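The values are calculated or read from the model by the stated rules, or taken from the named source; none is laboratory data. The shown structure was predicted, so the numbers you read here are calculated from the model rather than taken from an experiment. Cβ atoms come from the backbone with ideal geometry, glycine included; neighbour counts cover every protein chain shown. To get the accessible areas, we keep the full protein, side chains included, count just its heavy atoms, and leave off ligands, DNA and RNA. Shrake-Rupley method; radii C 1.70, N 1.55, O 1.52, S 1.80 Å.
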Amino acid sequence: MNSYNPAKLEPKWQKVWQSKKIFAARENANKQKKYVLVEFPYPSGAGLHMGHLRPYVAGDVYSRYLRMRGFEVMYPIGWDAFGLPAENYAIKMGVHPSITTKKNVANAKKQMLSWGLSFDWAREINTTDPEYYKWTQWLFLQFYKKGLAYEATGLINWCPKDKTGLANEEVVDGRCERCGTEVVQKELRQWYLKITAYAEKLLAGLGQLPEWPEAVKKSQENWIGKSVGAEISFEVISAGTDKAKTNFLILHGRNGSSSSHAFPWLRKSLEAKGYKVQVPDLPNAGEPNDLEQADYVAKNCKIDENTVIVGHSFGGTVALRLLEKGVRVKKVFLLCTPFSGKFLDNKIRKSVTEACKKGFDFKRIKANASAFGLLYDTTDYVVPMQDGESFSEKLGAQLVKIKGNEPHLSGAQEPEVLGKILPSLKVFTTRPDTIYGATYMVVAPEHPVIADNQNNIENFKEVKKYVEAAKKKKEMERSAEGKAKTGVQLKGLKAVNPATGQEIPVWVADYVLWGYGTGAIMAVPAHDQRDFEFAAKYQLPVQCVVEPVENPEQELEDIRQGKKCYAGQGKVVNSDVFDGLSTAEAVGKMGEAFGRLTTQYKLRDWVFSRQRYWGEPIPLIHCEDCGVVPVPDKDLPVKLPPVKKYEPTGTGESPLAAIKKWVKTTCPKCKQVAWRETNTMPQWAGSSWYWLRYADPKNKSKFADLKKLKYWQPVDVYFGGMEHTTLHLLYSRFWNLFLYDQGLVTEKEPYKKRQPHGIVLAADGEKMSKSRGNVVDPQVIVKKHGADTLRMYEMFLGPHELMVSWNDQGVVGVRRFLDRVWQWAEELSENTKPQNTSPKAEKLLHRLVKKVGEDIEAFRFNTAISAFMEFHKEIKAEPISLGAAQSFLKLLYPFAPHLSEELYQRLGGKKMLQQEAWPEFNAALLVDNETELVVQVNGKVRGKLIVGAGEEESAVKSKALELPAVKQALVQDSVKRVIYIKGRLINLVI
RNA sequence: GCCCAGGUGGCGGAACUGGUAUACGCUACAGACUUAAAAUCUGUCGCCCGCAAGGGAUUGAGGGUUCGAUUCCCUCCCUGGGCACCA
């Protein structure tokens, strides 16, 4: 008899399986498909660890099981190989990351093969392979072409150690998710993916994923952070003087007049607020001349340094000519003013185009006004948005895109315009129903209203000091201080509560975040805990406008008097015509009355560029004339050039920027000299679509063939870790939803079921780490006990989704079990006399078939393994037929494939186990005809009875009453009630 | 603070839909085999009282529903994870 020698037989079967390609997946129209996915690893120098093993083995057990159940199973694997470790190694040792990667991949693959994983290696992919990242780049360009990839300069999270920008999702507790270095804010030009455009779809999609764990869905929901409320503008005035001095000059456009468009309404609205307004009728409005009109205005209107010019369309051109002439004003608003002289409707407007062609002296213009406002209509069909962008660049002013009541902002009323031209603070609130209780306003330290009003803020020095201190505070410190709120009043500024008309103070405080909503709030101390604390500290007034409906009288009095904050729902009071409404009704009504209803998300756009070498180059070209131009499909991939130094510059430029020869290229549009984008993509890029590539990994003309995608999509089960919930899992859903909208994939949601797994801790209950010296190397276990033991113990440790502690001593339990199975089967194989399975063994086997099948489908691997052990203990001395023993091996196969395969052959199996069918169970055999029944008196166990399965209550009762223990218990009382559960128990109640 | 898991022997954990709590494995102890040890096999093994037969309490704590609760409900405590001054 041979003894069990996994070191010998495991490599043998691994070779056979590979050579016979029994794990290859094909598009087979006659079979139902199953797509089992595990997160592909980063091939690190340290090799794969226990954390990788857990999901991979789970996926393997499941895949092998499904194949035996007759499904066409795809279980693919690949390498997420861009990333910092290889790059950092390159910096240190000068070895190209691709070499390190290749070496590490070879090693990890060896490990995977040694674990007996049934991957389809023909579909292996590698994100660093140009044939792969060609399509990552191509997909990026699809985003770009749809306006979902954009370049912007802004404060971003910057890791000083890795010297690169990070996405919001990569910052954990103010530290770099990868290296733990404290993240700083840095002003940089970056590429963004507009994931916010998909916030609603990403949220709604969660509702269509019943097989996802609640925890994962909740977490994504939190991260997206939707809140419904209203945006409301509060007019801002500077104390006393300013309002009287400011005056408005409104200039109409071509074919306009003082009585056309929204001009009469605007005049009335402004005058009602106490401003002086001039709206001249300009000469030759039909075919206007900008210079002539500017002269006319200069002669006929009163203009001083407190004048705000509002120029609509061509009126804006006239306004700029006025400044060129040397007229000094306070501010100029350009409303849909043309720049290029080209129009969206392609009509000819000769006078306008000619005026544009003259160009502008922006230096002079900028010198003659202290501020510019650019208001452009998103529904305009005449003046392109591009014109607004051009002005924005030339004037250094922010372009504000609004949606007018009529296109080209030509409605009879344009409230959005009014809101913008009056100095105002916009707030977002989820409680517009409490607006009558807004007794002060707070802006974030970064809010531009502070810099804009430098001259109007009396205590500007103090404010500036506060703002600078706040900016220095790291995120960490802000939260470490807890809820202690600080702030400074902007003295000299007042806001007007649009509901009450009252003037209220404006404060700056860092409890208001620049990154959320509008960076400004209306503070309602009576009904918001944070505002209440702040008001208490700085003695600001508290005005109760909501009363709870059900609270006891005592508390109600405190709330009414503003002594207590009440943030709940209730009845609206002290709110004029809205009194008596429920807060729920009032949210909508008051939101619409004083602003507009809108929705906010916590989700931020995804910072998509990294200033590092080892990533996919962003396939864009910067041309002086054509702007940003995508690299044509035929020129993809943009390959990483060889470099001498991998070190990031640290200035915010990627190491690629130093490769002059590579950077310099020609513009695909105009063939002039142009420059390549030197940023690379984040590591998340390659994994945002990899599961699609598996369906068609060798395709040279497409990222994946739609027919093949249709067969394989969606992923049926995706095994992976909790740590990717708001990273990879969110990002890849975003890419998939986008591709779905482009008709490039067939499913809205990529993963039908998500199966998370608990992390594997060391024996000491700590995380495995080199520094703690508690790492268990899977290869050591393979060497000592074999892969089958490793796999089974890993599964046996505990429920797949819970965290478990590896215990080296525990491994032997599984090893002993496999040893016993081996002995048992060997003895059977040597027994030449055929025998019949005993009824007991037969019954237990059928139970095992049912149990193991159910457990695998529910990913309860640990209890399936217990069942094997129990079964084996029970039957090892029973007579058993060859067929029954083979069935047992079929069940064991997904867990311990090598041992099962070997023994199956020795017991006369003809095919590979993977090609055999999963055993069926006979339901009739599962029923017991005699059962052990528990006899209880008042719920306490007093004895046991063996009775027939169908036995009636009366018969069981009389048998039960005969039991001595029952008799003893019944000495003094009589049975009042009998509860009889067939096959379970009889309970005598006395 | 909010949301989501979870809390069962010395340890990892099991228990279907409310029906014998502690399956399976580890550890420990005893025995067999051995010159001896390892390996293997057999047995014992949650707690308290008891020589034993037997009895009692017990699934984080307290309360409730029920003939019966690890399981359902309420309050609280603890551990892990997520979000966190999100207006």
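Solvent-accessible area of region A:694-794 (1.4 angstrom probe, protein heavy atoms only): carbon and sulfur portion equals 53 percent. Of the GluC sites (Glu not before Pro) found in region A:890-990, those in coil by DSSP whose Cβ has at most 12 other Cβ atoms within 10 Å are A:Glu920, A:Glu952. Annotation for A:Ala484 and A:Glu389: the two label points, set 7 Å from Cα along the Cα-Cβ direction, are 4.7 nm apart.
Got a sec? Charge dipole of region A:608-673, +1 on Cβ for Lys and Arg, -1 for Asp and Glu; which of A:Gln672, A:Ala657, A:Pro641 is way out at the positive end? Checking the options against the dipole of region A:608-673, the answer is A:Pro641.
With both residues required to sit in chain A, DSSP beta bridges show an antiparallel share near 60%.
Of the listed residues A:His447, A:His622, the order by accessible area with a 1.4 Å probe, largest first, is A:His622, A:His447.
By definition, a body whose alpha carbon gyration tensor gives a ≥ b ≥ c is oblate when a/c is 1.5 or more and a/b is not larger than b/c, and region A:610-702 fits this oblate description. The residues of region A:177-333 have, on average, 43 Å² of accessible surface per residue, using a 1.4 Å probe with all protein chains present. For region A:299-345, the dipole from Cβ point charges (+1 on Lys and Arg, -1 on Asp and Glu) about the Cα centre works out to 160 debye, to the nearest 20.
Please work out, to two decimal places, the log10 of the ratio I(q)/I(0) at q = 0.14, 0.17 Å⁻¹ from a Debye calculation in which every Cα of region A:145-232 carries one identical scatterer. Each listed q corresponds, in turn, to -0.70, -0.94. Ordering A:His846, A:Thr863, A:His898 by Cα displacement along the dipole of region A:834-909 toward the positive end leaves A:His846 in first place; charges were set at the Cβ atoms of Lys, Arg (+1) and Asp, Glu (-1).
Can you find, among A:Gly315, A:Leu282, A:Ser269, the residue farthest towards the positive end of the dipole of region A:268-335? Put +1 on the C-beta of Lys and Arg, -1 on that of Asp and Glu. Comparing the listed Cα positions along the dipole, A:Ser269 ranks first. The value obtained for region A:267-345, namely the Cα convex hull volume divided by the number of residues, is 113 Å³ per residue. About the centre of its Cα atoms, region A:334-405 shows a dipole size close to 240 debye [charges on the beta carbon of Lys, Arg (+1) and Asp, Glu (-1) only; nearest 20 debye].
Of the trypsin sites (Lys or Arg not before Pro) found in region A:367-413, the ones in coil according to DSSP and having at most 16 other Cβ atoms within 10 Å of their Cβ are A:Lys403.
Express the carbon and sulfur contribution to the solvent-accessible surface of region A:534-643 as a percent, rounded to the nearest whole number, probe 1.4 angstrom. It is 49 percent, rounded to a whole number.
Computed from label points 7 Å out along Cα-Cβ, the spacing between A:Asn807 and A:Glu287 is 9.6 nm.
Accessible-area rank, largest first, for A:Cys356, A:Cys626: A:Cys626, A:Cys356, with all protein chains present and a 1.4 angstrom probe. With the convex hull drawn around the C-alpha atoms of chain A, the volume per residue stands at 236 Å³.
Using a probe of 1.4 angstrom and keeping all protein chains present, the accessible surface of region A:893-990 works out to 55 square angstrom per residue. Assuming charge only on the beta carbon of Lys and Arg (+1) and of Asp and Glu (-1), the dipole of chain A about its Cα centre is about 2680 debye to the nearest 20.
In percent, how large is the relative contact order of region A:317-438, given Cα pairs closer than 8 Å and 6 or more residues apart?
Working: 168 pairs, mean separation 31.1, N = 122.
That works out to 25 percent.
With respect to the cross-link table entries A:Lys218/A:Lys753; A:Lys840/A:Lys940; A:Lys394/A:Lys471; A:Lys276/A:Lys403; A:Lys401/A:Lys491, which display a Cα-Cα separation exceeding 25 Å?
Working: A:Lys218/A:Lys753 15 Å; A:Lys840/A:Lys940 31 Å; A:Lys394/A:Lys471 29 Å; A:Lys276/A:Lys403 27 Å; A:Lys401/A:Lys491 31 Å.
Distance filter (> 25 Å) returns A:Lys840/A:Lys940; A:Lys394/A:Lys471; A:Lys276/A:Lys403; A:Lys401/A:Lys491.
Surface exposure of region A:1-114, expressed per residue as accessible area with a 1.4 Å probe, stands at 42 Å².
For region A:74-213, the share of accessible area belonging to carbon and sulfur comes to 54 percent (1.4 Å probe, ligands and nucleic acids excluded). Computed over chain A, relative contact order equals 14 percent, with contacts defined as Cα pairs under 8 Å that lie 6+ residues apart.
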